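Only one structure is covered here, and it is reproduced in the block below.
We did not get these values from a lab; they are worked out from the coordinates using the rules stated. What you are looking at is a predicted structure, and each value in this text was computed from that prediction instead of being measured. Here the Cβ is made from the backbone with ideal geometry for all residues, glycine too, and neighbour counts use every protein chain on show.
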Amino acid sequence: GHIKYLELQVPFVITINGVKICKYLADFTYTDDKGIYHVEDVKGMRTPIYKLKKKMVEASYPIHIEEV
């Protein structure tokens, strides 16, 4: 009862000037009991590609990716 709307492998499309650049797949998304939307990614290692995609997603969407 603490989370709602749990989804796995949620895609976030990154576009610049109307051109699709790439897609980021979040491991989990959910809404907590306070109504806050969470995006989580489980990382063993933060690769350069992941770091770039994380920055682009956070600049394109009103979200913060939480790393676990």
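Here are the numbers:
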quantity: Hits in segment 1-54 (condition: touching a His at 6+ places or on another chain (Cβ under 8 Å), over 15 Å from GLU67 (Cβ atoms) and aromatic (Phe, Trp, Tyr)); calculated: TYR30
quantity: Subset of segment 1-48 [touching an Asp or Glu at 6+ places or on another chain (Cβ under 8 Å) and either surrounded by 11 or more Cβ atoms within 10 Å (Cβ to Cβ) or touching a residue at least 40 places away in the same chain (Cβ under 8 Å) (or both)]; calculated: ILE3, ALA26, ASP27, PHE28, THR29, TYR30, HIS38, VAL39, GLU40, ASP41, LYS43, ARG46
